[in-house]
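Please treat every number below as a calculation from the coordinates, not as lab data. From a predicted model like this one, the values you see are computed outputs, not experimental measurements. Neighbour counts run over all protein chains shown; Cβ positions are idealised from the backbone, glycine included.
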């Protein structure tokens, strides 16, 4: 292993580990403030998640959606943009996937229906993502403000369409899709019986692999990272900064939109108001903790999904909200520890001179 590779691994691994240690210490203090044993609570959390097949399946299901939203946010950050609209992009993707599933005949085979629903989901998220990208390029509108406002507009619009035209009576969801459902993992691994984990997780992993290839092995990925690091220099080098921004927001929205199929095609088989459940906003935390790297995003998604599912297993001992506090502590610890740990590592590498 070269010295450069070792340095990159150290800077990638040590800051999150330090942040995790800080979060565990804060978690210990919170748990003890409720008169409980940290060892007991952490044991129950692990037993309720990775310690049994159903809990692990639920972790995988939640991590799948978070992987999509985390990848979407991280791609935007790599381009120097902060996409806060993954929530509405996720919902738009799930809604269009449900519409296509409803419109197709039940006779259409799944191998045809699923790709069509995927394309619809990507298109829905991509359209919502492209709007703030175009407004930024055309008028200089800040993407944070636009994406926050679009969250309200898009979610309200979709809810109105469902409530006024598509809902099943006495519910807030569409009818079940006729074709295009993703099979559950329990169909091949019986131990996952009852969990919502489905084969969308494979699409999430393929998307992460695509994200890695796009960012680090393609010319357009190089342009995107160059614009994110120094847009003025990139433009001087012949890169269309506006084109990169528009493309980055569109692709970011497409990735988030595809995440909508995890619920619509893989779990409930219909679009429902509020199905995103904050996954779009939690994707921001996943991207930051994952250091905006596709591999880190997948690992961070598993971590936050474990905390989310584990909160259900420990609520008899401590309030479930404690898990949300712990998530916030992890984010703050990462934000504070990354520059400090990097400074220590680089200082330790400086050669000693006489």
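Hey, fewest Cβ within 10 Å first, where do 136, 62, 320 land in order? All intermediate terms of the calculation are to be shown ahead of the outcome.
Working: 136 18, 62 25, 320 14.
By the 10 Å Cβ count, ascending, the order reads 320, 136, 62.
Only counting other Cβ atoms within 10 Å, I'd like 149, 249, 322 sorted with the fewest neighbours first. Walk me through the numbers on the way to the answer.
Working: 149 15, 249 32, 322 21.
The order, fewest Cβ neighbours first, is 149, 322, 249.
Out of 325, 154, 162, any idea which swings most in a Gaussian network model of the chain, alpha carbons joined below 10 Å?
325
Most mobile of 92, 130, 335 per a Gaussian network model of the chain (Cα springs, under 10 Å)?
Maximum among the listed residues: 335.
If the chain between residue 17 and residue 225 were fully stretched, how many nm would it gain, using 0.36 nm times the residue separation less the Cα-Cα distance? If you can, show how the numbers build up before the last one.
Values: separation 208, 0.36 × 208 = 74.88 nm, distance 2.55 nm.
Net length gain for the segment: 72.3 nm.
Can you give the helix-only mean residue ellipticity at 222 nm for the chain, where every DSSP H stretch with n ≥ 4 adds -39500 (n - 2.57) and the sum goes over all residues, rounded to the nearest 500 deg cm²/dmol? Don't skip to the answer; put the middle values down first.
Values: 14 runs with 252 residues, N = 354.
About -24000 deg cm²/dmol.
Compare 52, 151, 159 in a GNM of the chain, Cα atoms joined below 10 Å, and give the one with the largest fluctuation.
Between 52, 151, 159, it is 52 that shows the largest mean-square fluctuation.
Pop the C-beta distance of residue 320 and residue 39 into the FRET formula with R0 = 22 Å and round what comes out to the nearest 0.05. Don't jump to the answer; show the numbers that get you there.
Working: r = 19 Å, r/R0 = 0.89.
Given R0 = 22 Å and the Cβ-Cβ separation, E is 0.70.
Place a label point 7 angstrom from the Cα of residue 160 along the Cα-to-Cβ direction, then list the residues of the range 110-144 whose backbone nitrogen is under 20 Å away.
Counting only backbone N, you get 124-125, 127-129, 131-132.
Please tell me the relative contact order of the range 69-278 in percent, rounded to the nearest whole number, where contacts are Cα pairs under 8 Å and at least six residues apart. Spell out each step's value before the answer.
Details: 377 pairs, mean separation 86.1, N = 210.
Relative contact order comes out at 41 percent.
Contour minus end-to-end for residue 141 and residue 206, with contour as 0.36 nm per residue of separation and end-to-end as the Cα-Cα distance? Working shown, then result.
Working: separation 65, 0.36 × 65 = 23.40 nm, distance 3.27 nm.
That works out to 20.1 nm of additional length.
Residues in the range 155-198 near a label at residue 111, defined as backbone nitrogen under 16 Å from the 7 Å Cα→Cβ point?
Label zone hits: 180-181, 183.
With a 10 Å Cβ neighbour count serving as the proxy for reagent exposure, in which order, fewest first, do 206, 46 appear? Show your work: numbers first, answer last.
On the way: 206 10, 46 15.
Listed from fewest to most nearby Cβ atoms, that is 206, 46.
What value in Å³ per residue do you get for the convex hull of the alpha-carbon atoms in the range 69-278?
Values: hull volume 26.8 nm³, N = 210.
Cα convex hull per residue, to the nearest whole number: 128 Å³.
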